[in-house]
Amino acid sequence: MTRVDQLSDISLREAAGWASQQAKRLAANFGLDLTADRETFVLAQTAKLGEEVGELQAEVLGAIKYCRADKLAQFTEESLAGELADVMVCTMLLAEILDVDLARAVATKIGFLRERKF
Ligand SMILES: [Mg+2]
C-alpha cells in the first residue's frame, strides 16, 4: 500500500489536525503571527480559496470541453482531482484559522441533508 493509499482513508478530524499544523507553517512562512495577524491571515487565506476555486472552475470547463481546443490537453482527471483537493485543503486551513470545527460542521451538514432527503 502506498503512502497516498494510506492517507486516502484519513478522517476529517485527522485532516483538521494536519491543517492546524500547516496553518502554523504557512503563517511562519509569511511572517504572520497567528494571533496578532489573524485578520490578515483570514483575508489572505480567503483570497487563496477564491484563487483555487477559479482554478477548479477552469478544470471543470476543461472536463466538459467548454474551452479552446488548444487548451484541452492540459485538463486531465488528475489535474481536476488536484484542484478539488486544493479547494478542500484551503477550506480546511481557513476553518483552522477561524477556529471552526470543520469535521463537526460537515457532520452536522450531512446529518441535516440526510434528514431533508433530497
Ligand atoms: Mg490549485
- Item | T40 paired with L80, simple spin-label distance in nm, labels 7 Å along Cα-to-beta-carbon | 4.0 nm
- For K117, list the lysines whose Cα falls under 21 Å from its own Cα; do not include residues on the same chain fewer than 8 positions away. K109
- DSSP-assigned coil residues among trypsin sites (Lys or Arg not before Pro) in segment 1-102, each with at most 14 further Cβ atoms within 10 Å: K65, R68
- Just the C-alpha atoms of the chain: what Rg/Rh do they give, with Rh taken as the Kirkwood radius? 1.04
- Given a Förster distance of 30 Å, the FRET efficiency implied by the Cβ-Cβ spacing of R68 and M88, rounded to the nearest 0.05, works out to 0.60
- Query: Where in segment 32-60 does the label zone of K24 land, with the point 7 angstrom along Cα→C-beta and an amide N cut-off under 15 Å?
  - Reply: 32-35
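Read the figures in this text as sums done on the coordinates, not as results from a lab. Owing to the predicted nature of the structure, the values given are computational and were not obtained by experimental measurement. Virtual Cβ from ideal backbone geometry, glycine too; neighbours counted across all protein chains shown.
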